[in-house]
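This report refers to the structure that appears directly beneath it.
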Amino acid sequence: MATDTAPTPAPTDPLEPSAVPGPTFAVHDPLTAVPLRLRVNGADRPLVVEPWTTLLDALRERAGLTGTKKGCDHGACGACTVLVDGRRVLSCLTLALSVRDRAITTIEGLAGGDSVLHPMQRAFAEHDALQCGYCTPGQVVSAVAMLAEVDQGRPSAATDPARRFAGRPDLDEREIRERMSGNLCRCAAYQNIVAAIREVAAAEDA
């Protein structure tokens, strides 16, 4: 005697978007969501964020720029370093709403439009100034901003207070290590990082 049986449902593909719940930080709160336009790497990016969304999460989860890394999320490791109006900031401690109408540069924006690497990116690769690579975007961005600070004649805690800081001619290893101390490398590639920065600092067009 035949019996009616319900058809067996097809197994759910775990890779289908409907089968994977979205991460909580990507769910917009309709009562608090705010439209926002960020100027990132020379292009305007319209986003919708909650007021508490950090620049780091806005870049990674809303704008799809995943080069900037989330490390400690407490401002202690430097992996999330980006440039805002040319100055390095920790994007995990910066609210996205606070940088509207500001020029933001991420690691993706350092390379030229024709995909030519920035001199600092090229030097890091040539000197093998990385191991796992997780901290590398923050290291590179921070190093670019650090050289700009040096060119402005800004001293550091390692600068000899007895004489005026001369800029790049005074940028020895001690100065570089002090100025890059906010960027941690758990793989300890520091020696090669210093070598890469020194090479770029010595180039007149960098």
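Close amide H contacts of VAL49 (hydrogens built in the peptide plane, cut-off under 5 Å, sequence separation of 5 or more or a different chain): VAL34, LEU36. With the alpha-carbon atoms of segment 141-206 aligned to their principal axes, the span from lowest to highest coordinate is 35, 27, 16 Å, starting with the largest. In order along segment 118-131, the Karplus-derived 3J(HN,Hα) couplings, from 6.51 cos²θ - 1.76 cosθ + 1.60 at θ = phi - 60°, round to 5, x, 5, 4, 5, 5, 4, 5, 5, 8, 6, 7, 6, 10 Hz, and Gly and Pro are given as x.
Each label point was placed 7 Å from the Cα along the Cα-to-Cβ direction; for SER115 and GLN131 their separation is 3.0 nm. Give me the net charge for the shell around PHE124: Cβ to Cβ below 14 angstrom, other residues only, Lys and Arg +1, Asp and Glu -1. In short, -1. Residue ranking by accessible heavy-atom surface, 1.4 Å probe, largest first, among GLU149, GLU178 comes out as GLU178, GLU149. Where Rh is the Kirkwood radius over the Cα pairs of segment 44-196, the temperature 25 °C and the viscosity 0.890 mPa s, what D in µm²/s does Stokes-Einstein return? For these conditions, the coefficient is 152 µm²/s. A straight chain from ARG177 to ARG122 at 0.36 nm per residue would run longer than the Cα-Cα distance by 17.8 nm. Extension gain, CYS187 to ASP85: 0.36 nm times the residue separation minus the Cα-Cα distance gives 33.7 nm.
Here the spin labels are modelled as points 7 Å beyond Cα on the Cα-Cβ line, and at ALA166 and ALA148 they lie 2.6 nm apart.
The values are calculated or read from the model by the stated rules, or taken from the named source; none is laboratory data. Given the structure is predicted, the values throughout are model-derived calculations rather than measurements. Cβ atoms come from the backbone with ideal geometry, glycine included; neighbour counts cover every protein chain shown. Ligands, DNA and RNA are excluded from the accessible area calculation, which covers all protein heavy atoms including side chains. Shrake-Rupley method; radii C 1.70, N 1.55, O 1.52, S 1.80 Å.
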